[in-house]
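Written below as structure tokens is the structure these notes are about.
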Amino acid sequence: GSPADSITINENLDLLAYNGGSASKIPLLKDSNMLLAKYEYLISHNSEKYLVDKSNKSVEKIASIPALPADLALDIQFSEPSGNNYLDAEETGTVSISIINNGRGEAYGLHPSLALKTSIIGLSTGEFELIEKLDPSSSKELQTTIAASQNISSKTVEFEINVSEKNGFDLYPPGKLTIQTKALVPPALALMDVGINDLTNYNGRIEPNEVIEATAIIQNRGQGLAKNVNISVHYGDYVFNAGEAETSFSLGNVQPNETKEINFSFFATRKAETNLPIRLEIKEARGLYDQAVNAGLSLNEVIKKAAEVFVAGKEQSAVAITGVNAISVDIEKKIPKSKTVNKNALGVIFGIENYKNVSPVTFANRDAAFMVEYFEKILGISRNRIYYKTDSDVGQAEFSK
């Protein structure tokens, strides 16, 4: 016979509608007492089996009364993007499972689930999709995610993976997954050095009303990634941005031991403080590692040349934080004033960068300027007893005096 053309569906019981068409009635097995108590008869339609409820005539797709048993097995894999086998803070890993039916019968209504078995704050898990049917000797691959928040702690974390089956052929024993989480490793952003190009007389000094081009070196000296780093340059009283020079810089992500440069341009009046009020604000995406640092530039003091910036980096599996090669050498740093006085001494300093028949000597003028300051402060030679000339002012006549 055929059931009615339309049968009510009970969605809460995962029932499937049957609208029109023919279906054959299959008698229930006499020893299926539990089924006989609830269901009126079994029908078969489009190669699927359904039970008709006695009370409301609803149809439940169960494919129960299996002819042969299903036998579920599970394969589990875990991966994370950094490749260090830890689920790091702010990282999302992937759980991949393969559900295999090793039995001789079909498995129906498979519901895989991932359950956290360890007490930990800062982990969230996704869900696996459901599997309607799994034939004998077949498998199905599924994926879900495990995400670690910024405040995750370092811990060994256990999960249990269960797969329930409509007819009770649940996965046994449940699958086990153990991973290790790793707490956030902070970055440590630092202003490593600042050099200048003075565009008026190239003597390596910041003088009043002179346009200065400055290069600052920022380094991540921590072991953690610095995310979305931004630098802004701020000037105090009597220090001004030169023309349309940039004052805001986006550095993006800065890896451990990585260095990045910014270039800014300014000028100062005579009223500016000797220690120029130039501040660099360093901001990072998380807001936990922001800082403001002084550029460390002074009026009328010899400053290292920006053109000499050289950054030494080193890539290793375990990140070694290396120093940035100094823009200055020892003699170029703030030269202390000694108590030595040489009243009768004379100093002769020539700085020649450009020659007619040979290659130029880079920074000779700047080095000569350093030596003038060195003669005055360390050797105690008064400025009026130092004979100091550079480039075209130095001719054969100077050497003949």
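The values are calculated or read from the model by the stated rules, or taken from the named source; none is laboratory data. Only a predicted model underlies this, so the values are computations on that prediction, with no experimental measurement involved. Cβ sites come from the backbone with ideal geometry, for glycine too, and all protein chains shown count toward neighbours.
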Unique match (being under 30 Å from residue 84 (Cα atoms), modelled with pLDDT of 95 or more and buried (at least 19 other Cβ atoms within 10 Å of the Cβ)) among 233, 229: 229
Based on what the data block shows, is residue 167 within 30 Å of residue 101 (Cβ to Cβ), in contact with a Leu (Cβ under 8 Å, 6 or more places away or on another chain) and surrounded by 15 or more Cβ atoms within 10 Å (Cβ to Cβ)? no
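If only one of 304, 389, 314 is at pLDDT below 70, surrounded by 13 or more Cβ atoms within 10 Å (Cβ to Cβ) and either basic (Lys, Arg) or not assigned by TED's automatic domain parsing to the domain that holds residue 197 (or both), which one is it?
Of the residues listed, the single one that is at pLDDT below 70, surrounded by 13 or more Cβ atoms within 10 Å (Cβ to Cβ) and either basic (Lys, Arg) or not assigned by TED's automatic domain parsing to the domain that holds residue 197 (or both) is 304.
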Inside the stretch 204-220, the number of residues satisfying the requirement of being buried (at least 20 other Cβ atoms within 10 Å of the Cβ) and part of a strand (DSSP E or B) is 9
